[in-house]
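The values are calculated or read from the model by the stated rules, or taken from the named source; none is laboratory data. Owing to the predicted nature of the structure, the values given are computational and were not obtained by experimental measurement. These area figures cover heavy atoms from the full protein model, side chains too; ligands, DNA and RNA do not enter into them. Shrake-Rupley method; radii C 1.70, N 1.55, O 1.52, S 1.80 Å.
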Amino acid sequence: MASRDLLCYACADIFGSAYDLTKREILPINHTKWTFLASVKEGCRLCKVICQSLYGWIYVQSRQRTPRDTGVIDVPDDLLLRCSFDTAFRNPDERSDKFAKLLSVEVKKGTTLQIHHVLQQYNLSIRMNVWNESAPDKQVSLIIHPLLRLSISALAAPMNADILLAGSLEALMQSKLTEQDQTASEENFELISRWLKNCKENHACATFKDTQPAWSPSRLVDVSGTVPRLVDTSSLGLKVPYLALSHCWGGHKVIKTTMEVLNKFKVAGIPPEKCTATFNDAFQITRRLGHQYIWIDSLCIIQDSAEDWSEEARSMSSVYGYSTLNLIAAHARDGRDGCFKKRDIHSVRPCLVPNPFRPVANESFIVYPMRMDKIYNEQVRNSPIYRRAWILQERLLSPRSVYFGKEQIFWACGEMEACEAFPSGANYVPTRPHNEVSIDKRGVQQLLNPRVRMAQGEAQGIAESWARIVKMYSSSELTFPADKLYGLSGIAERVQGHIGGEYLAGLWKNTPEAFLWSLLWFVDSHDKGRSRPPAYRAPSWTWTSVDGTIELTTPDPAWRQRQAAIRAKVSFEPAWQVKLVSASTEKTANYGMVTGGMLVVTGSFKTAQLRLISEEDVFGYEFFDAELFGPCFTGQTEAPLDKLCSCHIDVPSEIENMTVVTCLPIVEEKEQRDGHLTGLSRSHGLILQVTPNDPKKHMRIGHFATSLARDRKWLSKGEEQLFLIV
């Protein structure tokens, strides 16, 4: 093993002479299959990155052993590794050839800081391409970037906060690697502290002021002593900064505050030996970050008091919104797993290599092992906690979060996403747009930040941001279906405080037109678990009445792109004679459970039958009108049957084939060019059915859409009626 930067001799040879970007030279990596595998095992950092990228392997330790974990690697016997360096634009449609010469000159004479500036200025990235000559169709492109070790002279020059942060964090992540075999390392606590400091000083993403919080939860856990102690915040006098914990309870027993032990936890403290590993780790994190207080649900809410639970549940948006930092035990299935994990640090941290363009002893480049979006998807999106519905509002409402994954930690605030592999943020290294990652908070920030909403277009920005939140929430798991509205109540309360409007069990009534459009939600047909709960939860016209992944219909982005390309204008208008008379819900709490609701609409309707065409399609049904197409479908007909519209049914198991339904058009999309209609239009509407107990009322069972002139002509010939939809 070569001593410099933990590279084997074959990898070190790559950097033995200056590489010319304009010539696109091909360099050998002098390994056979067996020397390559031995180098991976012995710890060559670049070999590990190449192995992981080409053959999908990275050594990790876990309780469940898989081929990935045990080091079974499918490396071909005829291995002939080759590599080259080139440049790429962030936008793949642009060519970087014209900048290769400019960059080639810069990398030969410039410092790493100057090279960084050139890459940022032209939105370029430098790639190290690696492939097996015996199978050249399989190639990986690794992003490499100069490591910023800022000198005294550089620090004396004007420097923005991002450069200073990057210079310190990238160097921090390369220090004392042999001592960072778990996520509880000193360097990680220093990393979190710097992320937090940077956010407070340079970001505008904090929902509330950090210096003097205006609110505190009823109770907090004081970790300043040897034994944690429950405290009433009313006794503290001043409002205090605190952290908050998000965790999965799982099937393991969790220590809880009850009426019986409430005073004991306040006086004698909370026995550490009875706390889960996750709780004890959270106490340690709080202390090491220099804080005294943390909020944990099972300890700060009296679990056997319905009154206290109800009161505290209404404060969830404030509990997380006013916290300084949200600690998320992402990888832990239950309290036994804790926050921290052992890992192979060389498979986590970026690989340090010599400058490939100018062999200078004190200059290095970083080879990134994976794209950040891929790392995030593996360790956060696929983590147990990400699937829990209650956790969504905790991680979205907190101004900042730290995720403790199975191999590394992640940072998320309204302006930056980062991890140990990308400590300076996902956007610090220019990569293509599909490599970017946004760890959820930006959708909420778009709802809470007036400047962002105005930049997007007020109504459109609100609709699209809320749609993302609804899809994330509805695809998550709830232990008790009755909690559907409670689990979203904190987000709804916070959003309403910024955008106004009336909240109706999952939908927003800001303007009649926007509300009519929001009625056109649908359940993802690929979600096999879609159903309607046995107990009443919400009116049929709102998505919270069903279980399944919900797509809120918003004006089609493809139409907006086409509109911009041909300089056309798309308007969204109420359909034929449709008018919203009123919409209301009967509430037990402002954002919680509802006991009833009524939507009153007047509009032109048509009656038809529903015919199944595909159980796999999003629009798996169609309308059949016996008057238009001949005898009613009986299953044996000689003439081919034509169809009307494309229909999506909320819960197919509730509907029999050829059921008679009411079709109520709701919204029309009309395209205009130079002040004239182009003839391209779409109609969207609700599919209704008479309720079993009251023939004067209807319930929603689905929605339809069509752009065919024939279908729209059929819809336009309907009768006008007032509908009471429950």
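Quick notes
- In this structure, the residue pairs whose Cα-Cα separation is over 27 Å, taken from LYS509/LYS713; LYS239/LYS406; LYS579/LYS696, are LYS509/LYS713; LYS239/LYS406.
- Between region 482-523 and region 241-318, the alpha-carbon center distance in angstrom: 30
- Summarising the amide proton neighbourhood of PHE365: residues at separation of 5 or more, or on other chains, whose placed amide H is nearer than 5 Å comprise LEU147, VAL353, ASN355.
- For region 262-312: accessible area per residue (Å², 1.4 Å): 43
- J(HN,Hα) series, region 528-533, from Karplus relation 6.51 cos²θ - 1.76 cosθ + 1.60, nearest Hz, glycine and proline x: 6, x, 5, 6, 10, x
- Rounded to whole Hz, the Karplus (6.51, -1.76, 1.60) HN-Hα couplings of region 468-482, x for glycine and proline: 5, 5, 4, 5, 4, 5, 5, 8, 8, 9, 10, 5, 10, x, 5
- Under 5 Å from the amide H of LEU220 lie the amide H atoms of VAL231, THR233, each residue being 5 or more positions distant or on a separate chain, with H modelled from the backbone and absent for Pro and chain starts.
- Under 5 Å, built H, 5+ apart or other chain: amide partners of PHE723: VAL601, THR602, GLY603
- Integer Hz, Karplus 6.51/-1.76/1.60 couplings in order for region 485-495, x for Gly and Pro: 7, 5, x, 10, 5, x, 5, 4, 5, 5, 5
- Global geometry of region 235-277, whether rounded, prolate or oblate, following the gyration tensor of its Cα atoms and the 1.5 cut on a/c: oblate
- Of the solvent-accessible surface of region 283-394, computed with a 1.4 Å probe and all protein chains present, 44% belongs to carbon and sulfur.
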